[in-house]
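Handing you a structure now.
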Amino acid sequence: MDDTADVEDPSADLYRRLRRECRRRADELWAVSSALHTHPELAYEEHHAASLLTAELRRAGFTVERGAAGLDTAFLARAARSRGRCVALLLEYDALPGLGHACGHNLIAAAGLGAALALRAVQVEEEFEGTVFAVGTPAEERGGGKVVLAEAGVFDGVDAALMFHPGVHDWSWAPLTAQTQVRVGFHGRAAHPTGDPTGGIDALAALVQLFNTAAVVSRRLPPGSHVQGIVTDGGVATNMVPAYAEGLFGLRAATSTALDALVADVGRWAEGVAAATGTGVEVTRLGRGYAHFRNNDVLSDRFGRHIAGSGIRLTEPVPGVFPGSSDIGDVSSRVPAIHPFVAILGDGASDHTPAFARAAASDRGREVMLAAAEALACTAADVLTDSGLADRAWARQREKAAAGL
């Protein structure tokens, strides 16, 4: 099914005007992106970023609410004309410890801002009805600001949630897995390892056995499922049998349902190790984590058509490659959403590296930011002006939900 047929015919002038508005702001948007890049802030500490972005939106006539859902660095900015549909543009702006913007969130924020400003400029000329909704979403890297915002009802009444992500692939959508963390603590019995060699019960040995079990079983986990752990408490001295040991495990799976099953599996592995070693065990899931991303291909296809106008051709993801997880998953389980990747480094490179941080401030980064801003603005305008497209997007959303995809 091709939802992009004749996309340029009735709305070609609207698209030209939106692209023109983005391009005339190119230097302004790049200044914002560069300011974020040179002043990286970690999760829930993005005060400079939130202030900078909301100031730009206020100047353009948006009504701005800071501290959304109780998050100091989240914000909601709305520009409405009459009644109609609502499109959310998602802005990320947190950085990574020690690496700065090695995930390119400075480009995400600037592109979303550019799309919002362009839409507002055209909307003021009474080109279309509806609400342009810029949502500042902190803490994607750690903490999941979108999860909090979604649970607070921020996306209730939204017809589409749009963002892009810089990457090392040109993909129309991102196969982002569900993820959570599990803490496993083993309780043993302290003793002197030589003076009383049979009196102790080694909790650390039990934890090591759990790591070994995970390594063996992981070979037959389904695609997208993954278990990675670290030791967070391994004892206090080598001349004491550890009475307590603890590990933290990151779990990922292709769907939220598969993730729940994997959490249950890890619990059973831990109980089996405890039974074999004579230890006690506590398994604690740390929050719900992130849901898997549910791509709305009605909208991602439309975005792909628009960004092709900038010479960027998006393809389907490589089967079996899962680039990570994101709190956009929790938004996509509620409303039609897109999360395409656009490359700022070539295949074989990786994000979360110093090289990617440099790319996020490069000429290529600027080109991708502007192309993404234009495509986001045009896709948002399609949702706001074409009721048929919005209806098809919601129909696809319901189909995927019913199938558990």
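The values are calculated or read from the model by the stated rules, or taken from the named source; none is laboratory data. Predicted model only: the values in this text are computed from it and were never measured. Heads up, the Cβs are rebuilt from the backbone with ideal geometry, glycines too, and the neighbour counts pull from every protein chain shown.
Evaluate region 335-343: report whether one residue or more is surrounded by fewer than 22 Cβ atoms within 10 Å (Cβ to Cβ), without any contact (Cβ under 8 Å) to a residue 40 or more places away in the chain and farther than 19 Å from LYS146 by Cβ.
No, that holds for no residue.
Spot the failing condition for ALA375; the list is (1) in contact (Cβ under 8 Å) with a residue 60 or more places away in the chain; (2) out of contact with any helix residue (DSSP H, G or I) (no Cβ under 9 Å at 6 or more places or on another chain), and only one is missed.
In the conditions (1) in contact (Cβ under 8 Å) with a residue 60 or more places away in the chain; (2) out of contact with any helix residue (DSSP H, G or I) (no Cβ under 9 Å at 6 or more places or on another chain), ALA375 misses (2) alone.
Okay, moving on. Could you count how many residues in region 329-363 are touching a strand residue (DSSP E or B) at 6+ places or on another chain (Cβ under 9 Å), of a type in the set (A, V, I, L, M) and assigned to a helix (DSSP H, G or I)?
Residues that pass the stated criteria total 3.
Considering each residue of region 158-168, count those that are over 12 Å from the mean Cα position of the chain (by Cα), in a loop (DSSP other than H, G, I, E, B) and over 13 Å from VAL331 (Cβ atoms), and give that number.
Qualifying residue count for the region: 1.
Would you pick out the residues in region 80-117 that are over 26 Å from GLU41 (Cβ atoms) and either part of a helix (DSSP H, G or I) or among the small types (Gly, Ala, Ser) (or both)?
ALA80, SER82, GLY84, listed by residue number.
For (1) closer than 30 Å to GLY84 by Cα; (2) in the same structural domain as GLU45 (by TED's automatic domain parsing); (3) in contact with a Gly (Cβ under 6 Å, 6 or more places away or on another chain), each residue gets a yes or a no:
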| residue | (1), (2), (3) |
| --- | --- |
| GLU141 | no, yes, no |
| ALA152 | yes, yes, no |
| ASP156 | yes, yes, no |
| ASP170 | no, yes, no |
| HIS187 | no, no, yes |
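Evaluate the following for GLN181: is it surrounded by fewer than 24 Cβ atoms within 10 Å (Cβ to Cβ), out of contact with any Cys (no Cβ under 9 Å at 6 or more places or on another chain), without any contact (Cβ under 8 Å) to a residue 60 or more places away in the chain and polar (S, T, N, Q)? Steps first, answer last, please.
Working: surrounded by fewer than 24 Cβ atoms within 10 Å (Cβ to Cβ): yes; out of contact with any Cys (no Cβ under 9 Å at 6 or more places or on another chain): yes; without any contact (Cβ under 8 Å) to a residue 60 or more places away in the chain: no; polar (S, T, N, Q): yes.
No.
Checking ALA50 against (1) touching a helix residue (DSSP H, G or I) at 6+ places or on another chain (Cβ under 8 Å); (2) surrounded by 19 or more Cβ atoms within 10 Å (Cβ to Cβ); (3) of a type in the set (Gly, Ala, Ser), only one condition comes out false. Which one?
Every condition holds for ALA50 apart from (1).
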